[in-house]
Amino acid sequence: MSSKISAAITAIGGYVPDYVLSNAELEKLVDTNDEWIRTRTGISERRILKGAGLGTSDMIVPAVERLLKKRGIGAEEIDCIIVGTVTPDMVFPSTANIVCHKLGAVNAWGFDLAAACSGFLYSLTTGASLIESGRYKKVVVVGADKMSAIVDYSDRTTCIIFGDGAGAVLLEPNNNGYGVLDSILRSDGGGGHHLHMKAGGSLKPASIESVTNKEHFIYQEGQAVFKHAVRDMADVSFELIQRNNLGADDIAWLVPHQANKRIIDATANRIGLPAEKVMLNIQRYGNTTAGTIPLCLWDWEDKLNKGDNIVLAAFGGGFTWGATLIKWGY
Ligand code: UT7
């Protein structure tokens with residue numbers, strides 16, 4: 001037992017909507033084909049939150065409820081909820097506020113954290129710091145996005161990639177060295193012009209012109225983002241493993257952001273991990289932005305063992321990227 005408090009993940013919950021958007025259905029919307037999508041991205045289908053009046057919070061609430069049930073605690077025990085997202089229900093109030101209310105988390109405060117596809121990693125490090133400070137005992141960290149709200153389904157270069165989903169983890173103090181051990185987080189605002197949403201913020205508020213020009217959708221220069229993602233996600237994962245004196249044999253799992261199978265393969269190769277140690281669910285969910293990493297943990301939960309060293313890695317809009325090392329605690 002050490003005196004240092006670490007932030008251990010003690011439960012996971014996830015949620016994906018029922019509606020399956022297949023490659024075959026996309027073939028009817030844009031000039032694309034199943035073979036191109038599968039070979040260039042690894043995606044076969046993604047989930048879409050259909051129905052009016054439903055936002056990102058409507059996926060987060062069931063994900064957190066599953067987590068609470070598993071841990072056997074009530075929402076009123078939560079101290080803080082951090083929501084990594086770029087598709088909040090509204091510009092304000094924060095989705096964290098909305099989620100606290102819907103859950104009945106009456107003793108919690110919270111906030112949204114916008115770091116695009118790195119949203120979960122940024123939020124996890126932030127949440128871990130709250131636990132490590134000793135001031136908070138139960139922090140829920142969420143990664144969730146309703147990407148279908150900002151995808152242009154006439155743009156074949158983006159609509160094939162993204163899907164909707166939410167994942168959440170509970171962080172609690174641990175004195176035995178389990179939990180979040182180390183993190184390298186980076187950002188480069190100089191890359192923002194390659195991947196962003198042009199309007200809807202204070203710089204360019206919504207107008208008839210912005211709607212007509214389709215500026216409330218994702219704008220992505222795929223090749224430029226791909227180039228940076230392949231290099232930076234691999235570099236930071238390699239650096240993290242090195243500085244913790246670990247080798248490939250010491251790593252049980254790589255949990256990569258699910259943007260493109262080719263980016264994931266490059267990262268796994270760089271740190272010398274075989275495919276069977278790499279979590280991959282991009283074929284079923286596509287790129288759920290901040291949702292990908294916690295959704296992987298949720299899908300793989302019963303394969304994780306206490307003491308496993310797990311590397312989480314992400315790259316996304318901003319640019320933002322990073323890697324986090326955790327020791328699985330249950
Ligand atoms: O998660 C946040 C960070 N985002 C990422 O990490 C995404 C990174 N980028 C990518 O994953 C890839 O760049 C894409 C999947 C977006 C695109 O793949 P690519 O291999 O970079 O394709 P490309 O843009 O170089 O296009 C190759 C060809 C082009 O045709 P020509 O000019 O060679 O005739 C495109 O017009 O593929 C064409 N193309 C398509 N064809 C069929 C582009 N999109 C499609 C499509 N179906 N959906």
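The values are calculated or read from the model by the stated rules, or taken from the named source; none is laboratory data. All values reported here derive from a predicted model rather than from experimental measurement. All Cβ positions, glycine included, derive from the backbone under ideal geometry; neighbour counts span all protein chains shown. What goes into the accessible areas is simple: the full protein's heavy atoms, side chains included, and nothing from ligands, DNA or RNA. Shrake-Rupley method; radii C 1.70, N 1.55, O 1.52, S 1.80 Å.
Points worth noting:
- Look at where the Cα atoms of the stretch 261-286 and of the stretch 57-132 average out, and the two centres are 27 Å apart.
- Of the peptides 242-250, 284-292, the ranking by mean beta-carbon count within 10 Å, highest at the top, reads 284-292, 242-250.
- Bins of 5 Å from zero: percent of alpha-carbon pairs in the stretch 15-114: 2, 12, 18, 17, 14, 12, 10, 8, 5, 2, 0
- Descending Cα extents along the principal axes, the stretch 255-330, whole Å: 33, 24, 22
- Rolling a 1.4 Å probe over the heavy atoms of the protein chains gives the stretch 1-123 an accessible area of 46 Å² per residue.
- Projected-area average for the stretch 6-176 over all orientations - Cα convex hull basis, square nanometres: 10.7
- For Gly110, residues with placed amide H under 5 Å, excluding near neighbours: Ile81
- Net lengthening on full extension, Asp31/Glu65 (0.36 nm per residue, minus Cα-Cα): 8.3 nm
- The residues of the stretch 290-330 present an accessible area of 25 Å² per residue when probed at 1.4 Å with all protein chains retained.
- Proximal aspartates and glutamates relative to Lys28, as straight alpha-carbon distance under 17 Å, when same-chain residues fewer than 8 apart are discounted: Glu45, Asp152, Asp155
- If you bin all the Cα-Cα distances of the stretch 1-54 at 10 Å, starting from zero, the percentages per bin are 18, 30, 21, 14, 12, 5.
- By accessible area, using a 1.4 Å probe on protein heavy atoms only, the stretch 181-327 has 52% of its surface on carbon and sulfur.
- Here the contact order of the stretch 181-327, divided by its residue count and restricted to Cα pairs under 8 Å and six or more residues apart, works out to 37 percent.
- In this entry, the chain is assigned a mean projected area of 16.2 nm², taken as a quarter of its C-alpha convex hull surface.
- Percent accessible area from carbon and sulfur atoms, the stretch 6-176, protein chains only, probe 1.4 Å: 51
- Within the stretch 161-267, the ratio Rg/Rh, alpha carbon atoms throughout and Rh by Kirkwood, equals 1.07.
- Translational D in µm²/s for the stretch 206-251 (Stokes-Einstein at 37 °C, 0.692 mPa s, Kirkwood Rh from C-alpha pairs): 237
- Computed over the stretch 181-327, the quotient of the alpha carbon radius of gyration and 2.2 N^0.38 Å is 1.16.
- Mean residue ellipticity (222 nm) of the chain, computed from DSSP H runs ≥ 4 via -39,500 (n - 2.57), nearest 500: -9500 deg cm²/dmol
- Computed over protein heavy atoms with a 1.4 Å probe, the accessible surface of the stretch 134-198 works out to 36 Å² per residue.
- Residue pairs, from the table Lys4/Lys277; Lys4/Lys70; Lys227/Lys261, whose Cα atoms sit over 20 Å apart: Lys4/Lys277; Lys4/Lys70
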